[in-house]
1. For the residue pair E217 and K266, what label-to-label distance in nm results when each label sits 7 Å from Cα along the Cα-to-beta-carbon direction?
2. Give the order of L67, L191 when sorted by the count of other beta carbons within 10 angstrom, beginning with the fewest.
3. Quick one: Cα centre-to-centre distance for segment 103-131 and segment 160-229, in angstrom?
4. At a 10 Å Cβ-Cβ cut-off, how would you order D97, D328, fewest neighbours first?
5. With a point put 7 Å past each Cα toward its Cβ, work out how far Q323 is from F294 in nm, to one decimal.
6. Give me R114, R156 ranked fewest to most by other Cβ atoms within 10 Å of their Cβ, as a rough exposure proxy.
7. What shape does segment 2-213 have by the C-alpha gyration tensor, where a ≥ b ≥ c are the square roots of the eigenvalues, rounded means a/c under 1.5, and otherwise prolate means a/b greater than b/c and oblate the rest?
8. Any chance you could run the full-extension gain for Q312 through D330? It's 0.36 nm times the residue separation minus the Cα-Cα distance, nm to one decimal.
Amino acid sequence: MSEILSGHSPKASDIFIAVMGMTGSGKSTFISLCTGQDVPVGHNLQACTQQVTVYKCQWSTNADVYLFDTPGFDDTNRSDTEVLIEIAACLAKTYEDNFRLSGILYLHRITDRRIGGSAKRNLFMFRKLCGKDGLNNVLLVTTMWEDEQPEKGHSREAELIATNGFWGALVEEGAEVKRHDNTRASAMTLLKVVAKKNRVAISIQKEMVSERKNLNETEAGMGLNSEILLAEKRVKKEMELALEMEREARRLHDEKSAEEQRQYRKKMQQKFDHLNQEREKLKVSLKEIKEQRFMYKELEAKYEKSQELMLQQAERIGTLEGQHQQRDKDIILRDQQTSRELEILRLGNFPVGWRKRESRLTGDDILRLAPTDHGTIIIPEEVETGLNGQGRWRLNTPNWSNGFEVVIMDALATSVSEQMVSFTSP
């Protein structure tokens, strides 16, 4: 059970609820309200939930609620076959471990102005998964009332219930219709309704575990298989029509149109082959599904490990590059310092009393120059610009013939960037 419940250890008294519905119906948002956890939520038609994820919700001192967030059968990234395998594996494993569902919430947007093909297909598969015996534990929940005018919402809700091909038949067989107003209070009220119900084994669980049927032999599997067969029939008809049009184009020597039809026929053949492969995937037992999931988990773990190692390697490379860059900077600075000192040596004629170590002035340094002095001094760039170069200089005597003092004040002794200033006597 650990691979389904993500490390949780459920008790016999705990409550299990599956949350189903189309992509964008509000399943993840509902679960987030119940649990207080951040559940990935999509804001467009791209599905966020691509596999069954279980979330734990604190309920009472004796029991917790486990909510199963499921992908819809209109998933943008997975085929209906893959979604059915995912849901069937999760529900069958739950049943195999002697945990029964208290109920299923089927969420539907009240803002949907019509019941489209995707909505009908989702509900069709949902009914096949539950079976007639499971419908007493089903809540048909309308969501997103905050985005619809009340009178329109009420009218649309009544239409859903009255339509036998949508909610009508489910309600007649025991399902209840409820509303959710996108608040935590509303979400918890719905959980209370389900928690009071007797636990149930739905059709897909009994078929795959107790009756040991392959997925394609279950009601849900046969239902999906029939849908795929209808799709194959439509594609095959398209291919036959394209072939006729291609032949007619060639008879008329219209090679461009003939090639277009040939390419379209090729595309339809690929679609037909894909549909056929999806039907073949349904021919799988629960044991084979578990083996496939185990292999997938192993591959996923290996991939994550390799990604972690690659990240660590990239960090090490970045650290080494940073060290090399700093070393290069240090070398450049040393070269610049050496060049300045060589320039000082080249100019020569250091003033009396001016030793080489005094050639680089820092804060509060004083340099006394005689009338005959000339050479180069180095002053930090941070010092204000003053007389005859950069720095704040102070003339102690106004007459150059008597010499003067260079006083560097407020300079930064730690300065890296420096400036050479040449001076000569007038």
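Every number here is computed from the coordinates shown, using simple stated rules; none is lab data. Please read all numbers here as calculations on a predicted model, not as lab measurements. With ideal geometry, Cβ positions are generated from the backbone for all residues, glycine too; neighbour counts draw on all protein chains shown.
1. 4.2
2. Fewest-to-most ranking of L67, L191: L191, L67.
3. For segment 103-131 versus segment 160-229, the Cα centre distance is 9 Å.
4. Neighbour counts put them in this order, fewest first: D328, D97.
5. Here the answer is 4.5 nm between the modelled labels.
6. Ordered by Cβ neighbours within 10 Å, fewest first: R114, R156.
7. Details: a/c = 1.41, a/b = 1.27, b/c = 1.11.
It is rounded, given that a/c, with a ≥ b ≥ c, falls under 1.5.
8. 3.8 nm
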